[in-house]
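What follows is a short report on a single structure.
Only the coordinates and a few stated rules stand behind these numbers; no lab work does. Computed from a predicted model, the values in this text were never measured in an experiment. Using ideal geometry, Cβ is built from the backbone for each residue, glycine included, and neighbour counts are taken over all protein chains shown.
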């Protein structure tokens, strides 16, 4: 297969997976819970990665990632921003879950990283960065492509807050992943950000009834 044809097929795959799937869910062509296409996508991604002999399997773990202090500092900054944003946008929801629905908050803190974060990071970082490296050959284009598709996925929540904040988070996470190539490391950081979103109150914009 020629390089040109291969790239064309990869572009089609990007459109179907990262544009088509969120749109299909948004317009009710996929009449089941949003976690289903996420899990299916994660299974597809992990199978392709594991079957590819050129892929460095160490990237699925920590891959030497040890920069937890910068992660902590970024997380503190994220907490401050999210607290201010919640206060300005929906002050009545500020820290609502931990104060009013503590058990639900605990369940989310435990389940969200496993059932949502790891599949997302597998698809939008590890898989995306490896699978489409020929389409986005430099750091800027790859980081932006990953961030934009990650943000676009959040159209299923039908509000601008989810889209904008996920774009900002996507840029941060993509930069970190580009530098360190650690699925487990970036999943930890994503889990912290996500749990802070639900803790501060903005999580109401990342929920479908």
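By how many degrees, 0 to 90 and rounded to 10, does the Cα axis of helix 183-200 deviate from the longest principal axis of the chain?
30 degrees
Between 0 and 90 degrees, rounded to the nearest ten: what's the tilt of helix 139-153 against the longest Cα principal axis of the chain?
60 degrees
Report, in deg cm²/dmol and to the nearest 500, the calculated mean residue ellipticity at 222 nm for the chain, where each DSSP H run with n ≥ 4 adds -39500 (n - 2.57) and the sum is divided by the residue count.
Rounded to the nearest 500, it is -20000 deg cm²/dmol.
Measuring from label point to label point, each 7 Å out along Cα→Cβ, what is the residue 100 to residue 52 span in nm?
Inter-label distance under the simple model: 4.5 nm.
Return one number: the angle in degrees, 0 to 90 and rounded to the nearest 10, between the long axis of the Cα atoms of helix 35-51 and the longest principal axis of the Cα atoms of the chain.
Approximately 40 degrees, to the nearest ten.
Multiplying the sequence separation of residue 67 and residue 15 by 0.36 nm and subtracting their Cα-Cα distance, what value in nm do you get? Walk me through the intermediate numbers first.
Numbers: separation 52, 0.36 × 52 = 18.72 nm, distance 3.39 nm.
Here the answer is 15.3 nm.
Mark the label point 7 Å from the Cα of residue 33 along Cα→Cβ and return the residues of the stretch 100-143 whose backbone N is within less than 17 Å of it.
Residues 104-120 qualify, since their backbone N sits under 17 Å from the label point.
What is the distance, in nm, between label points placed 7 Å from the Cα along the Cα-to-Cβ direction at residue 138 and at residue 1?
In this crude spin-label approximation the distance works out to 2.7 nm.
Which one is right for this structure if Rg and Dmax of the Cα atoms in Å is calculated from it: (1) 17.3, 59; (2) 16.4, 44; (3) 22.2, 93?
Answer by label: (1).
Could you list 125, 131, 69, 179 in order of exposure, starting from the residue whose Cβ has the fewest other Cβ atoms within 10 Å? Walk me through the numbers on the way to the answer.
On the way: 125 25, 131 19, 69 8, 179 11.
Least crowded to most crowded, the residues run 69, 179, 131, 125.
Assign one of three labels to the stretch 1-120, namely rounded, prolate or oblate, based on the Cα gyration tensor with a ≥ b ≥ c the square roots of its eigenvalues; rounded applies when a/c is under 1.5, prolate when it is not and a/b is larger than b/c, and oblate otherwise.
Note, shape of the stretch 1-120 comes out prolate.
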